[in-house]
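Undergrad: Here it is, the structure, as structure tokens.
The values are calculated or read from the model by the stated rules, or taken from the named source; none is laboratory data. Being a predicted model, the structure only gives us computed values, none of them experimental. Methodologically, a virtual Cβ is constructed for each residue, glycine included, from the backbone with ideal geometry; neighbour enumeration extends over all protein chains shown.
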Amino acid sequence: MPELPEVETVARSIAPLVGRRIVAAEFRCRRLLRGGDPNRMAAALAGRQIAGIQRFGKFILIHLDRGYLMVHLGMTGRLLLGGPQGKHTHAVLTFDSGSLLYDDSRQFGCIQYSVRVPKRLARLGPEPLEVSFEDFYARTRRRKTKIKALLLNQDFVRGIGNIYADESLFRAGIHPLALAGRLKKERVRRLYHAVQEVLTEAIEAGGSSISDYVDAEGRAGWFQMRHRAYGRTGEPCLTCGTPIRRLLVAQRSSHFCPKCQKR
DNA sequence: ATCGGTACCTGCACGC
DNA sequence: TGCGTGCAGGTACCGA
């Protein structure tokens with residue numbers, strides 16, 4: 001579910017935890033820990049104070065007074081401040097008052113504790129809202145892959161997922177199958193600005209709630225009302241009226257206007 | 001080094 | 001009502 005705007009919204013909504021101390025931690029799903037031991041993690045977290053919260057692409061890095069807790073929401077992960085626990089509540093952090101729940105029906109997300117900043121974060125590309133155009137452009141050069149696949153690659157830039165890739169390509173007028181390395185500089189520039197525009201608007205809208213995404217306070221986003229391509233297969237293009245088409249790129253559905261978006 | 005394909009899970013909507 | 005199919009915001013890993 002969550003891409004950069006959703007993760008940013010979640011990260012902001014758990015900001016009230018900064019300064020609070022973890023009284024107890026419980027992990028009920030081994031898969032979620034990616035090899036970590038539930039009891040050792042719980043022991044390491046008990047007594048720790050939240051020092052800060054940072055987002056890296058789709059990852060949330062919670063700084064503790066000793067070590068880091070890295071959270072990825074996968075497709076269906078949620079962080080919730082309090083609220084009822086369900087059959088997919090896989091982790092619970094208890095504070096002196098209140099709690100933070102991790103809920104994830106598909107179990108594609110992960111939570112990892114480490115003393116140092118996890119190495120995975122160092123391999124990610126730059127933040128799309130901070131990268132310069134020259135760097136963004138340079139990263140597309142000599143790439144033989146399709147532009148849609150490149151946008152989804154977190155080592156290219158971090159945080160873009162299926163929705164915002166489609167929305168950005170639509171606004172830039174670029175076909176998802178266009179080869180990244182062959183795009184002219186001015187077309188890459190349009191894409192660069194489209195990515196920033198779409199992500200900025202989506203953050204302002206609190207993200208996209210397609211089926212069940214909500215922030216830690218249970219609030220849904222409304223950027224789905226602004227989608228022009230994603231999920232609009234068969235509906236008229238808002239620019240030219242041509243029906244939006246869907247095809248598979250990198251095994252992900254891609255929605256685009258066959259008339260407005262050129263290869 | 002890069003690329004495409006597959007695996008990992010559960011839930012839901014759909015047609016029969 | 002049940003059953004099979006396809007689809008879903010994600011990444012990691014494999015072989016070519």
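Undergrad: Filtering segment A:78-107 down to residues that are within 14 Å of DNA strand B (Cβ to nearest atom) and part of a strand (DSSP E or B), which residue is surrounded by the fewest Cβ atoms within 10 Å (Cβ to Cβ)?
TA: A:THR89
Undergrad: Tell me, please, whether a residue that is within 16 Å of DNA strand B (Cβ to nearest atom) and out of contact with any Gly (no Cβ under 6 Å at 6 or more places or on another chain) can be found in segment A:52-72.
TA: To start, the set of residues in segment A:52-72 that are within 16 Å of DNA strand B (Cβ to nearest atom) comprises A:58, A:72.
From what's left, out of contact with any Gly (no Cβ under 6 Å at 6 or more places or on another chain): none.
No, segment A:52-72 has no match at all.
Undergrad: Please count how many residues of segment A:213-263 are among the aliphatic types (A, V, I, L, M), surrounded by fewer than 20 Cβ atoms within 10 Å (Cβ to Cβ) and either modelled with pLDDT of 95 or more or within 27 Å of A:LEU183 (Cβ to Cβ) (or both).
TA: Within segment A:213-263, residues that are among the aliphatic types (A, V, I, L, M), surrounded by fewer than 20 Cβ atoms within 10 Å (Cβ to Cβ) and either modelled with pLDDT of 95 or more or within 27 Å of A:LEU183 (Cβ to Cβ) (or both) number 5.
Undergrad: Might you let me know whether segment A:30-42 holds any residue that is of a type outside the set (Lys, Arg), in a strand (DSSP E or B) and at pLDDT 95 or above? Break it down stepwise before answering.
TA: Going through segment A:30-42, the residues of a type outside the set (Lys, Arg) turn out to be A:32-33, A:35-39, A:41-42.
Adding the requirement that they be in a strand (DSSP E or B) leaves none.
No, that holds for no residue.
Undergrad: Going by what's in this entry, would A:GLY159 be described as away from DNA strand C (no atom under 13 Å from the Cβ), at pLDDT 95 or above and either closer than 28 Å to A:GLY206 by Cβ or among the aliphatic types (A, V, I, L, M) (or both)?
TA: The answer is no for A:GLY159.
Undergrad: Any residue in segment A:244-254 that is without any contact (Cβ under 8 Å) to a residue 24 or more places away in the chain, out of contact with any strand residue (DSSP E or B) (no Cβ under 7 Å at 6 or more places or on another chain), within 16 Å of DNA strand B (Cβ to nearest atom) and closer than 18 Å to A:PRO5 by Cβ?
TA: Scanning segment A:244-254 turns up no residue that is without any contact (Cβ under 8 Å) to a residue 24 or more places away in the chain, out of contact with any strand residue (DSSP E or B) (no Cβ under 7 Å at 6 or more places or on another chain), within 16 Å of DNA strand B (Cβ to nearest atom) and closer than 18 Å to A:PRO5 by Cβ.
Undergrad: Taking the conditions exactly as written (free of Cβ contacts under 8 Å to residues at least 12 places away in the same chain and in a loop (DSSP other than H, G, I, E, B)), does A:LEU238 satisfy them or not? Before you say what the answer is, go through the steps one by one.
TA: Numbers: free of Cβ contacts under 8 Å to residues at least 12 places away in the same chain: yes; in a loop (DSSP other than H, G, I, E, B): yes.
So A:LEU238 passes the test.
Undergrad: Check segment A:95-104 and report whether any residue there is closer than 13 Å to A:LEU32 by Cα and within 14 Å of DNA strand C (Cβ to nearest atom).
TA: yes
Undergrad: Do any helices (runs of 4 or more DSSP H) entirely within segment A:118-160 hold 2 or more residues that are touching a residue at least 24 places away in the same chain (Cβ under 8 Å) and within 14 Å of A:LEU191 (Cα to Cα), and if so, which?
TA: It comes to A:133-140, A:147-152.
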